Structures are given as C-alpha cells and as structure tokens.
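Undergrad: Before I ask anything, here is the structure I am working with.
None of the figures in this text is laboratory data; all of them are computed from the coordinates on show. The shown structure was predicted, so the numbers you read here are calculated from the model rather than taken from an experiment. Here Cβ is always computed from backbone atoms with ideal geometry, including for glycine, and neighbour counts include all displayed protein chains.
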Amino acid sequence: MDIGVVTPSKDGMNLVAKEMMVCNPSASLVLSSGAGTEVQLGNAGFYSDDKKCYHRVDDIADVENFAEVFYRAATEEGAVRQEHGGRLNQFLKSHDIDEWSSAFLDPSWTHEVIRPTEIRQIPDFYLLMAQTAQIRRQIVEVVLKGMPIRPHFALSLENAKTLGSFHPSGPTAFAAEVEKAAALLTLGDHFHYLFTDRFMEVSKIVNEVDPVGAILTIRENEYDIKIYTKAKLSGRIFNKGHGVRLIERKMGMNLQDGNILVCGDSDTDLPMLEECLSVAPPNVYTIWVTKDEALQEKVTQICARFHNNNVTFVSCPEVLLGAMAQATVRELKVRGVNLDDDSDI
C-alpha cells in the first residue's frame with residue numbers, strides 16, 4: 001500500500017500527490033492544513049464531518065498527532081481506502097491541465113506550451129533557456145495586464161498567511177522577520193536572479209557520472225549532501241563564487257548594473273556573497289536563512305569588510321517566501337497595477 005504525505009514546507013509535493021492518486025487510486029493520502037492540494041480538495045468537499053476522503057494534519061510540528069494520523073492512514077481498511085481514493089482519482093482526472101489553464105491563464109495558454117524537451121548538446125540547452133525566458137516574460141505581461149490570473153494570485157497570497165505557523169517561534173516572530181526581510185527587498189528593487197536546484201539520489205548519480213572521483217566530490221553534513229566540482233588542473237574545489245564569476249564572464253552579465261540579491265543558508269554560499277561584494281559592494285543585498293550564530297557572524301564580517309550593511313537573517317525559508325510575496329505586491333503597485341480593482345477583468 002502506498003501513502004502520500006504532503007506539507008507546504010516542501011516544493012513540488014502537491015503535484016506528486018496528485019500524480020500518485022491518478023496512477024494509484026488505492027493509495028492513502030495525508031495532507032497538512034495549508035498545502036495547496038488540501039485547500040483544493042477541502043474546498044471541493046472531500047473533507048467534511050460526514051466524509052473524509054483523505055487524512056489531514058493540522059500542525060506538522062505536533063509529532064505525536066502527525067504519527068497518529070499516519071498510523072490511521074496506514075491501517076485504513078482496504079475497501080474504505082479504495083472508495084476514497086477512487087473519488088479523488090475521478091475528481092483529479094476531471095480537473096486536468098486543460099481546465100486549469102482555462103481558469104487561471106490567458107486563453108492563448110494551453111497544454112501545448114508544457115511539453116518535455118530532450119537536451120543532447122549545449123546549443124539545445126541555450127535554446128531551451130531562451131524559450132523559457134520568453135515564456136516567463138509572457139506570464140509577467142499577463143499578470144501586469146490584469147488578466148483573470150489576478151484574483152487567483154491574490155488568493156495565493158492570502159493562503160500564504162498560513163506560513164506563519166511554521167516559524168519555530170510562532171506567527172508573531174514570523175511577521176517581524178518578514179518585515180525586516182521585506183524592508184531590505186524594498187531598498188534594492190532591481191535584482192539579477194541565479195537559482196540552484198538539488199537532486200534526489202545525489203550519491204548514486206555522482207558515482208555514475210564520476211566513479212573514480214576525478215571531477216566531483218561529495219561532502220555530507222547534518223542538513224544535506226553537497227556536491228563540489230574540482231578544477232581540471234589544480235583539483236581544487238570549484239565553489240559558488242567561481243560559478244558567479246564564470247556566469248558573469250560567459251553570459252556577459254554586469255554585476256555593477258543595478259542591485260544584487262544574494263540568499264544563502266550554509267557556508268558553501270559564502271564565496272558567492274564574497275564574489276558579489278568584491279564586484280559591487282554597495283549594490284549587494286543579502287538575506288540568510290539560518291539560526292547558526294557562527295554562520296551569521298561570518299556573513300556579518302564579510303559584509304563589514306566591504307563596508308556593506310545590507311544584511312538580515314531569518315529563521316526559516318517560509319519567512320523569505322513571505323517577504324518576497326510582499327515585494328511582488330509592492331512591485332505591482334509601483335507599476336500601477338491595483339490588486340483590489342477587478343473592473344478590468
């Protein structure tokens with residue numbers, strides 16, 4: 001028997017849960033309050049006093065309650081599980097991407113813009129990135145023109161208030177840290193964005209790619225697994241600062257043009273901050289997700305060395321997410337888009 005567990009603390013799991021229920025209607029589903037899938041299924045009437053087609057966790061920080069809910073899901077009778085799973089399966093199949101795109105996006109957007117692409121050579125990658133940039137630009141234009149996506153965007157921000165419950169010190173501390181982070185984002189309102197992804201089964205993949213360890217090296221700490229690239233000639237670890245420098249040179253980016261937002265949560269992000277500060281000290285704004293006082297001191301010292309005090313610290317990723325949501329709303333207001341005015345929809 002399969003059990004799917006979804007919380008809003010992990011990106012992408014809402015989609016995985018739906019895929020699981022579509023492929024395996026006999027599975028049991030555990031959702032936490034505030035997760036996108038839970039909001040959708042709850043509003044659709046699948047969790048009520050007389051009908052509970054999935055299991056719900058009201059507070060994922062309550063370990064005993066979480067374990068109890070998980071136990072009920074694991075011991076649920078097969079016939080009951082299949083009945084509930086079948087209802088969810090039919091609902092999800094009826095509300096597919098075609099319906100979603102017509103309800104949330106401009107009519108010109110269909111499932112045809114979402115398709116797998118095979119990358120074999122570097123030119124294929126550059127072409128895909130160019131297409132992605134164009135798609136993002138069109139999404140922004142849709143939002144700024146006040147298309148029907150606007151009320152759903154506002155609803156997402158309203159639901160995001162539940163993020164406060166995941167702060168280790170509670171909603172009050174969440175609000176205070178969001179205010180500090182949002183204030184920093186207000187100071188620097190022009191950013192270049194560089195994102196990194198993390199992959200599953202990293203050790204297995206690294207061994208397949210580099211079985212003798214000539215190019216890659218893995219280091220594990222209490223939080224995650226880090227993969228480092230070695231320089232071809234010296235064998236030294238290629239850090240994120242080197243990566244920023246390489247991107248700047250190869251892609252023709254000018255880090256002195258506008259402001260730069262640097263976000264980090266570990267020691268491996270420090271070279272990235274130092275590199276940006278060395279190029280444009282007054283233009284760097286940095287937000288760190290950490291409660292580690294030693295790491296906070298390192299960040300503060302690096303910024304002080306470059307006479308930069310545009311730094312703040314938050315306790316969890318949800319605070320940073322909330323601050324960026326506020327920054328997005330501010331950006332729309334600066335551009336003259338009234339989020340409360342639906343007259344042009």
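Undergrad: What is the distance, in nm, between label points placed 7 Å from the Cα along the Cα-to-Cβ direction at C23 and at T172?
TA: 4.6 nm
Undergrad: Please work out the C-alpha center-to-center distance from segment 301-336 to segment 235-254 and express it in whole Å.
TA: Distance between centres, Cα-based: 24 Å.
Undergrad: Further question on the same structure: Could you tell me which trypsin sites (Lys or Arg not before Pro) in segment 273-325 are loop residues by DSSP with no more than 16 other beta carbons within 10 angstrom of their beta carbon?
TA: Counting only loop positions with at most 16 other Cβ atoms within 10 Å, the trypsin sites (Lys or Arg not before Pro) in segment 273-325 are K291.
Undergrad: Check cross-link reach from K250 to the lysines: straight Cα distance under 26 Å, and skip same-chain residues fewer than eight apart.
TA: Leaving aside lysines fewer than 8 places away in the same chain, those within reach of K250 are K226, K230, K232, K240.
Undergrad: Among V319, V16, which comes first, then next, by fewest other beta-carbon atoms within 10 Å? Walk me through the numbers on the way to the answer.
TA: On the way: V319 28, V16 14.
Arranged by neighbour count, lowest to highest, V319, V16 become V16, V319.
Undergrad: OK, next. What residues have an amide H closer than 5 Å to that of R56, excluding those fewer than 5 places away on the same chain, when H is modeled at 1.01 Å from N in the peptide plane?
TA: L31
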